[in-house]
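Take a look at the structure set out below.
The values are calculated or read from the model by the stated rules, or taken from the named source; none is laboratory data. It should be emphasised that the depicted structure is a prediction, and the values quoted were computed from it without experimental measurement. Don't worry about glycine lacking a Cβ; one is built from the backbone with ideal geometry, like all the others, and counts go over all protein chains shown.
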Amino acid sequence: MEPSVPGVKRVLAFAAHPDDIDFGAAGTVAAWTAAGVEVSYCVMTSGDAGGFEAGDRDGISGLRRSEQRAAAELVGVRDLHFLGERDGFLAVTPEVVEKVVALIRRVRPDVVLSMHPERNWERIQASHPDHLACGEIVTRAVYPAAENPFAFPQLAEQGLQAYKVPWLWFYGAPRERENHAVDISATVEQKLAAIRIHASQHPDLAGMETAVRSMLRDNARRFGLPNGASAEVFHVVGVNTEQTIAGF
Ligand SMILES: [Zn+2]
């Protein structure tokens, strides 16, 4: 399923920290919004353990929120939600799952985009514990809670009716789970610009850019895209598609 495929009108993207979506999926998001898809972001923690300046601690949450808003704007996203969980302490709790279910039922997206719940042993830095928690929280929210009218009954009472999510896309997946590449050659500069906006997180901007560009080209090569192309890669899961059988 390519980003401009007819039928995808709304996407809801989840991340543990400000900057995660930009590293994982901002090129695809930019292609979606350019094709008229409405994309919303939900960032679960305040990113308050990030950055490199010891003196910065008090202002870092606000700074990282404004960096994320500016980076989102660059790829056409203006609807942002911040859950305000503590950086480094994101946990799979019924309270956070309920907040995610509420947002899914409100936005009613065709695609839920999330970090992956499984650890990548080849590159453990990609599997920050908050990233894994984000993946597990979203997966539990998508199935079964969002579509079960008897899960969190207070939500239905508030008018947030059960909703079946068609597609769940994961970024930051372990390599053996990746099953879909999106050619982002047309939006790679927008993605890099969005990443650069998180200035508080980059001790070595040039080194970061070189590494990201080479990773994107490697993704494209692995998926057989034309020489020199850049790609973001995903683990795409059909949750409620034509193939889905209720109860199995
Ligand atoms: Zn992160």
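No other residue among 76, 59, 51, 47 is farther than 30 Å from residue 244 by Cβ, within 16 Å of the chain's Cα centre (by Cα), at pLDDT below 95 and of a type outside the set (A, V, I, L, M, F, W, C) apart from 47. Of all residues in the stretch 9-36, those satisfying the criterion of being crowded, with 21+ Cβ neighbours inside 10 Å and away from the ligand (no atom under 14 Å from the Cβ) are 11, 12, 27, 28, 29, 30, 31, 32.
Can we say residue 84 is over 26 Å from residue 193 (Cβ atoms), among the small types (Gly, Ala, Ser), touching a Phe, Trp or Tyr at 6+ places or on another chain (Cβ under 9 Å) and within 16 Å of the ligand (Cβ to nearest atom)? For residue 84, the condition - over 26 Å from residue 193 (Cβ atoms), among the small types (Gly, Ala, Ser), touching a Phe, Trp or Tyr at 6+ places or on another chain (Cβ under 9 Å) and within 16 Å of the ligand (Cβ to nearest atom) - is not met. The set of residues in the stretch 100-130 that are modelled with pLDDT under 95 and more than 14 Å from the ligand (Cβ to nearest atom) comprises 121, 122. Every condition in (1) more than 23 Å from residue 234 (Cβ to Cβ); (2) in contact with a helix residue (DSSP H, G or I) (Cβ under 9 Å, 6 or more places away or on another chain); (3) among the acidic types (Asp, Glu); (4) exposed (fewer than 15 other Cβ atoms within 10 Å of the Cβ) holds for residue 122 except the one numbered (1).
Of these, 140, 69, 64, which one is assigned to a helix (DSSP H, G or I), more than 16 Å from the ligand (Cβ to nearest atom) and either in contact with a Cys (Cβ under 8 Å, 6 or more places away or on another chain) or under 27 Å from residue 30 (Cβ atoms) (or both)?
Unique residue meeting the criteria: 69.
Counting the residues of the stretch 148-180 that are assigned to a helix (DSSP H, G or I), in contact (Cβ under 8 Å) with a residue 40 or more places away in the chain and out of contact with any helix residue (DSSP H, G or I) (no Cβ under 9 Å at 6 or more places or on another chain) gives 1. Evaluation of residue 90 against the conditions (1) within 16 Å of the ligand (Cβ to nearest atom); (2) surrounded by fewer than 20 Cβ atoms within 10 Å (Cβ to Cβ); (3) part of a loop (DSSP other than H, G, I, E, B) shows that the sole unmet condition is (2).
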